[in-house]
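Worksheet: one structure, shown below.
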Amino acid sequence: MSRFTENISRFFLNRRNIFILGFVLTFVLTLLEVSHGKQYNFFTFQNGTFDFWKGEDPYGVEKYDFLYGPLFAILFAPFAYLGMTVGPFVWNLFNFSMFFCAIFTLPRLTENQKCQTYLYTAMILATTQMSMQFNPVVAYLFLFAFTLLERGKPFWAITLILISGFCKIYGIFELALLLCYPKFWRNILFTVALAAVFVFLPLVSIEPSGLMPFYARWAEVLSLHVDQFQFYALFNLYPIHDLLTPVMTYVQMGSIALLAVLFVVNRKQFDRFDFRAGSLGILMGWVILFSLSTEKHTYVIALAGYLLWYWVQARKTRLDRTLFWANFVLLVAVPVDLVCPTPVMRFLCDTLQLNIYCFTFTWLRMIYLTFLKPMACPKTIEAEV
């Protein structure tokens, strides 16, 4: 390796350097959107939050499409009241910093693996942040909760899992990992107590009689938020779209039930870090592949889990390394206009649907290696890419 290549590698495998680059990139992308008045998702979050604090129903309003729980409106208030100019900058920079921090707090990964995890996801993170979406929050709450569980801090882990679940459902499934950790029933009590707090917390703005109808309206808009020809989940694959569409809910329930069975059957593996990390990666893939509204940017969640799974594999075959780069090309690089021309992207992602096929195959391999063919507990190793 030449000295020039070594210097480049050393620069991009330095935590401080890539944080600064990512922070500046996030600032510039936010500036571009705000200067053109295109911070549409932020307006949605802001308007829904304002309506909540005025005691009004934010769901089903024609001028915006608010799909988040009442807890979100409480937590988003500081960003909303900073205004439509300052608020987007604080929102995006805060979420970038939390996503970055979540990666670098993951246990048992080397510094190089953590740097490569951020670099791998940097473009898709930038894309979703350009739209000021909630996806980075879901991703880093998954990762932070896992780290807290690994460090023996279940109360705070459960808090983050429930925050994710009460804001946008996805994260609630991480509660299944509690089976892998000590004092399960104590942790269940934590969960019940914290869930009760979060359920009733919206009473700070909603009349008691309106609390349950408020949750019912949230559930209603979520059930109606389905446009099967604009999204990139398993349900959108053309050969099986018409077959699965009428039974989507049953497919979701059946698939998560099957994963639960495979997970419990492997209970003797609960004490292995690679099994726990792999289970999280599979779960983060499931919430995207079996979602009803998966956009290309949403895969930042699935890829964060996939990379955690990938690094803890004791042996990476040629197939695994091929999938590593195939997912990067199809899910990260191709959707970026500056990297791939839009007609090519549409052909690959919309016509051939290679992005969905590629990650679906990857996800099934994750299941096979984690649940069906457990490997010996690996030592932390350097990345083989």
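The values are calculated or read from the model by the stated rules, or taken from the named source; none is laboratory data. None of the values given here were measured: they were computed from a predicted structure. When we count neighbours, we look across all protein chains shown, and the Cβ atoms used for this are built from the backbone with ideal geometry, even at glycine. The protein model used for the area step is the full one, side chains on, heavy atoms only, and it has no ligands, DNA or RNA in it. Shrake-Rupley method; radii C 1.70, N 1.55, O 1.52, S 1.80 Å.
Here are some notes:
- The trypsin sites (Lys or Arg not before Pro) of the range 182-266 meeting both criteria, a DSSP state outside H, G, I, E and B (loop) and at most 15 other C-beta atoms within 10 angstrom of the site's C-beta, are Lys183.
- Distant-in-sequence amide contacts of Phe66, defined by a placed amide H-H separation under 5 Å and a gap of 5 or more residues or a different chain, comprise Gly60, Val61.
- Pairs from Lys114/Lys268; Lys168/Lys316; Lys54/Lys296; Lys114/Lys296; Lys54/Lys153; Lys54/Lys168 whose Cα-Cα separation, in the structure shown, is over 26 Å: Lys114/Lys268; Lys168/Lys316; Lys54/Lys296; Lys54/Lys153
- Between Ile256 and Arg151, the simple label model (points 7 Å from Cα in the Cβ direction) yields a spacing of 2.8 nm.
- Based on C-alpha pairs under 8 angstrom that are at least 6 apart in sequence, the range 100-249 has a relative contact order of 13 percent.
- Extension gain (nm, one decimal) between Tyr357 and Lys183, 0.36 nm per residue minus Cα-Cα: 58.7 nm
- The chain - charge dipole about Cα centre, Lys and Arg +1 at Cβ, Asp and Glu -1, debye rounded to 20: 1580 debye
- Based on DSSP H segments of at least four residues, each scored -39500 (n - 2.57), the chain has a per-residue ellipticity at 222 nm of -20500 deg cm²/dmol.
- Nearby aspartates and glutamates by direct alpha-carbon distance to Lys373 (threshold 14 angstrom, same-chain neighbours under 8 apart not counted): Asp274
- Listed values [x] 31, 26, 22; [y] 37, 28, 20; [z] 63, 20, 17 include one computed from this model; for semi-axes √(5λ) of the Cα gyration tensor in Å that value carries the label [x].
- Accessible surface of the range 36-152, 1.4 Å probe, proportion on carbon and sulfur as whole %: 61 percent
- Between Asp350 and Lys38, the FRET efficiency estimated from the beta carbon spacing at R0 = 22 angstrom works out to 0.45.
- Accessible area of the range 261-317 belonging to carbon and sulfur atoms, whole % at 1.4 Å probe: 54 percent
- Here the chain is scanned for GluC sites (Glu not before Pro) in DSSP loops (not H, G, I, E, B) that have at most 16 other Cβ atoms within 10 Å, and the longest stretch holding none of them is 63-381.
- Computed with every protein chain present, the accessible area of Arg365 is close to 50 Å² [probe 1.4 Å].
- For the range 257-263, putting each phi into the Karplus relation 6.51 cos²θ - 1.76 cosθ + 1.60 with θ = phi - 60° gives couplings of 5, 5, 4, 4, 5, 4, 5 Hz, in residue order, rounded to whole numbers and with x for Gly and Pro.
- With all protein chains kept in place, the per residue accessible area of the chain amounts to 46 square angstrom at a probe of 1.4 angstrom.
- In the elastic network of the chain, a GNM with C-alpha springs shorter than 10 Å, the most mobile of Phe361, Phe142, Phe23 is Phe361.
- Carbon + sulfur, % of accessible area of the range 169-253 - ligands and nucleic acids excluded, 1.4 Å: 74 percent
- Loop-resident sites, the range 209-286, for chymotrypsin sites (Phe, Trp or Tyr not before Pro), counting at most 12 other Cβ within 10 Å (DSSP): Phe229
- Normalised by the number of residues in the chain, the mean separation of alpha-carbon contacts (under 8 Å, six or more apart) gives a relative contact order of 18 percent.
- Rounded if a/c under 1.5, otherwise prolate or oblate - the range 135-208, Cα gyration tensor axes: oblate
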